[in-house]
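Single-structure report; data block below.
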Amino acid sequence: MPYLYTIMLPSKFKQRYRKIIPNFEKFVSFSKKAQKVSVRINTTKISTQKFLESTKLRLKQIPWYKDGFFLRERGKEGTYAVSSTLDYFLGRLYLQDGSSMIPPLVLAPKENERVLDITAAPGSKTTQISQMMSNKGVIVANDNSITRIKALRNNINRLGCVNILITRFDVFRFPSGLFDKVLLDAPCSLEGSMRKYFINWNEHLIRRFSGMQKRMILKAFGLTKPGGLLVYSTCTYAPEENESVVQFLLNNFKDAKLEQVKIPGLQAHNGLTKFRDTSYDSCLKKCARIYSHDYNTGGFFIAKIRREER
Amino acid sequence: MRKKKVKKREKKIILAEMEKGFGIPKEVFKKLDFFKTKKRVYVCTKECLRDELFSRAETAGIGFARPSKVLKPTTDMLQLFGKHAKKNVVELSKEKLKGLIKEGEIEIGRKSAGKQEEKQGERGYMLISYKKQILGCGFLKEGMLESKIPKARRALLRSARI
């Protein structure tokens with residue numbers, strides 16, 4: 001059950017991030033608080049205005065997304081309040097962390113585009129993309145695990161998304177083809193979701209994920225049309241899994257250009273240009289970092305990469 | 001999962017059944033298309049069906065109906081398109097709905113089932129509605145309405161504060 005954990009941060013974790021996370025003491029104090037529960041109104045089934053007129057939930061607008069709302073109740077009480085409503089059964093509501101609503105906003109999909117979510121399950125962002133496309137066009141939602149695909153299918157069915165095609169390929173063996181927009185929400189060490197999932201944090205884990213993410217981003221970029229957009233995101237703070245991965249792509253593809261992540265209503269931190277002994281290009285500042293104490297949500301990293309037309 | 005595109009003629013039959021059974025106009029599905037597997041008919045956008053990855057995909061869109069003697073519409077489909085239904089919709093009171101969730105079936109009067117005439121042995125699929133919202137599908141047989149909402153979804157409904 002999500003939203004249950006308050007955590008004690010390992011001392012190595014504190015050492016690692018003390019210098020790069022602004023207002024670090026506040027960050028530490030927030031790790032002991034339950035994070036805000038938030039929901040997305042599924043506009044495929046009901047308009048946000050109509051929903052707000054009829055719901056008994058106590059909601060507060062998320063500043064960066066018109067269909068996203070924070071719940072006044074927190075923790076377990078909040079998730080229960082949502083999942084035990086008739087609206088939830090009817091698929092009008094989806095429990096989704098406020099910061100996880102950001103990558104689809106950066107992707108900004110349009111109705112007539114061909115979109116790929118290459119690591120889609122359980123489908124929070126995929127179904128958000130679906131409603132942003134007004135349930136039209138096509139989104140290819142890929143995941144390689146049967147169990148995770150089952151969860152993805154359940155969410156798609158409950159939310160009524162008819163524009164999603166589910167595939168089950170290993171990311172590295174995804175068939176060649178080109179997409180207008182690609183979302184790579186990469187598997188990561190989950191540091192930004194520590195309050196949601198129990199994780200056994202260690203630096204080993206970070207190194208392992210980093211290698212895999214570098215190979216994944218090359219593959220995802222190869223599937224992006226010239227002129228198209230790739231959004232890379234993780235819910236972790238480790239620069240090895242974030243800026244390093246984007247830098248690796250920029251080093252390997254000259255037609256990859258970083259664009260500024262800018263969402264009205266969202267105040268995010270810039271990407272890093274230095275971590276320990278490693279320096280990154282100054283353009284990495286264009287990436288966005290969201291820390292858990294910024295809005296009491298999960299932490300996130302987002303990069304917006306354009307594939308230039310030659 | 002072996003998927004086959006639904007041919008034009010079959011599509012016509014499916015849409016005619018939806019119109020005849022529940023009064024859902026075929027125009028509702030104008031921009032959508034259908035494919036089928038051994039057990040189910042699915043509905044998705046035309047772009048999904050035309051996509052080069054369709055033949056290699058696990059699935060697309062949502063389940064639409066289960067073919068048998070008559071098409072049994074899925075809960076997912078009804079929750080999305082049921083608002084267009086004009087007939088065979090049974091509006092339940094709070095007590096009746098609670099009874100249906102608890103027992104799995106309830107007795108309903110003919111009038112509340114939208115049937116004007118008494119007919120012996122009358123049966124068929126009905127749309128279950130509560131406060132004008134389509135919850136899913138039920139089967140009416142001799143005045144008894146049986147819930148056809150899948151088990152997993154029924155659990156969600158059971159925990160919902162109605």
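The values are calculated or read from the model by the stated rules, or taken from the named source; none is laboratory data. Source: prediction; values computed, not measured. Positions of Cβ are backbone-derived with ideal geometry, glycine not excepted, and every protein chain shown enters the neighbour counts.
Worth a mention:
- Scope segment A:250-277; condition on the phi > 0 side of the Ramachandran plot and among the basic types (Lys, Arg); matching residues: A:ARG276
- Search result, residues across segment A:58-116 that are of a type in the set (Gly, Ala, Ser) and either part of a helix (DSSP H, G or I) or modelled with pLDDT under 95 (or both): A:GLY75, A:GLY78, A:ALA81, A:SER83, A:SER84, A:GLY98, A:SER99, A:SER100
- Check on A:LYS50, within 14 Å of chain B (Cβ to nearest Cβ) and either surrounded by fewer than 17 Cβ atoms within 10 Å (Cβ to Cβ) or in a loop (DSSP other than H, G, I, E, B) (or both): yes
- Some residue of segment A:186-199 being of a type outside the set (A, V, I, L, M, F, W, C) and either more than 20 Å from the chain's Cα centre (by Cα) or under 22 Å from B:ARG56 (Cβ atoms) (or both): no
- Residue that is farthest from the other protein chains (Cβ to nearest Cβ) [pool: residues in segment A:64-95 that are of a type in the set (Ser, Thr, Tyr) and touching a residue at least 12 places away in the same chain (Cβ under 8 Å)]: A:TYR65
- Index of the failed condition, A:LEU116 passing every other in (1) more than 25 Å from B:PHE81 (Cβ to Cβ); (2) away from chain B (no Cβ under 14 Å): (2)
- Listed by position, the helices (runs of 4 or more DSSP H) enclosed by segment B:1-103 that each have at least 2 residues that are over 20 Å from A:ARG168 (Cα atoms) are B:8-22, B:75-81, B:94-103.
- Residue within segment A:30-45 that is surrounded by fewer than 18 Cβ atoms within 10 Å (Cβ to Cβ) and free of Cβ contacts under 8 Å to residues at least 24 places away in the same chain present: no
- Looking only at segment B:64-77, residues that are of a type outside the set (Ser, Thr, Tyr) and under 22 Å from B:GLY143 (Cα atoms) come to 5 in all.
- For segment B:121-137, the candidate set comprises residues that are among the aliphatic types (A, V, I, L, M) and facing chain A (nearest Cβ under 10 Å); within that set, the residue that is surrounded by the most Cβ atoms within 10 Å (Cβ to Cβ) is B:LEU135.
- When residues of segment A:151-203 are limited to those that are in contact (Cβ under 8 Å) with a residue 60 or more places away in the chain and of a type in the set (Lys, Arg), the one farthest from the other protein chains (Cβ to nearest Cβ): A:ARG195
- Single residue of segment B:138-159 satisfying the filter (within 20 Å of B:MET18 (Cβ to Cβ) and within 14 Å of another protein chain (Cβ to nearest Cβ)) that is surrounded by the fewest Cβ atoms within 10 Å (Cβ to Cβ): B:PRO150
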